[in-house]
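Remarks on the structure that follows.
Derivation of every value follows stated rules applied to the coordinates shown; laboratory data play no part. Just so we're clear, the structure is a prediction, and the values are computed from it rather than from any experiment. Glycine also receives a Cβ, built like all others from the backbone with ideal geometry; neighbour counts cover every protein chain displayed.
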Amino acid sequence: MAFSEDFQAHLQRGDTTVARAWAVTRRDGGVLGFTDHDRALRFDGIDFAPDSGMTAQAVLQATGLAIDNTEAMGALRSEAISEADLLAGRYDGAEVVAWLVNWADVAQRAVVFRGQIGEVVRGAGAFTAELRGLTEALGTEQGRIYHPRCAAVLGDAHCGFDLDTNGYSLSAPVAEVLPEGVLRIAEGAGFEDRWFEKGRIVVQSGAAAGLVGAVKLDRLQPDGARHITPWQSFGAEITPGDGLRIHPGCDKRAETCRLKFDNFLNFRGFPHIPGEDWLISYPVASGANDGGSLFA
């Protein structure tokens, strides 16, 4: 961490006026500021609230590529971090930046931690959140996988398909919530049966606004309605009238990319890789053993 000359001089004094402050930026863009000082602080356009029900433990740091880590603890308070938001996953993967700051002159400050929220544990009206440093990402697997199916995510930069292309996605309110979390969409007759399976559901209004889920089943009903089954609950209640944006499903096959999305030029798989059956096969008299292409 780097300290300015003024801040370093202040820290070397016998009496200091320092506090800790941290900002949490959720994936939906919401920003919350906290401080362990007894008065509110403001810098970088963020208000850092005292008595916010959140405190941070010491940061464990090391040289090299070791992962910096710490924890944040707090009470579940509706005006700051609520249990409903934690259950809905609104803080999963949120960015966290922590500062050591001179509360008498907030221009004197230094970043002591930057990372993301990891595992969150709730209990007895409180929570503990694991904070993972930036080097955590270095432990994830990188590179492409040689596989017949596509490695891209529908609509991402590698895929290049525009999910807003007319005739592919559906925006409609929930007509009814059926048993086992099945969502009935009354205005869904314009798409084939199972069109949205393996797709995404983006909740646009209601208590679950901003949350994203995956489509497990999509069935077109005789009356033109659709029954959409998410893979898991959203963590916040879905009620009739809530707006949804449902994106089409992609099973990663080359045929689907070519026929359903007309996007085969961006296909990120290797459909001509021989499968296990070919690897263990052997020549037979009745077969074609001329060394020609298997895909002619």
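Just flag the trypsin sites (Lys or Arg not before Pro) in segment 126-173 sitting in loop per DSSP whose Cβ has no more than 15 other Cβ atoms within 10 Å. Present the calculation step by step, with values, prior to reporting the outcome.
Working: sites: R132, R144, R149; in loops: R144, R149.
Hits after loop and neighbour filter: R144.
With Cα atoms defining each centre, segment 203-222 and segment 224-254 are spaced 3 Å apart in the structure.
With a Förster radius of 30 Å applied to the C-beta separation of A9 and E130, the computed FRET efficiency comes to 0.30. Amide H contacts under 5 Å for L244: A172, V174, Q204, restricted to partners 5 or more places along the chain or on a different chain, H placed in the peptide plane at 1.01 Å from N.
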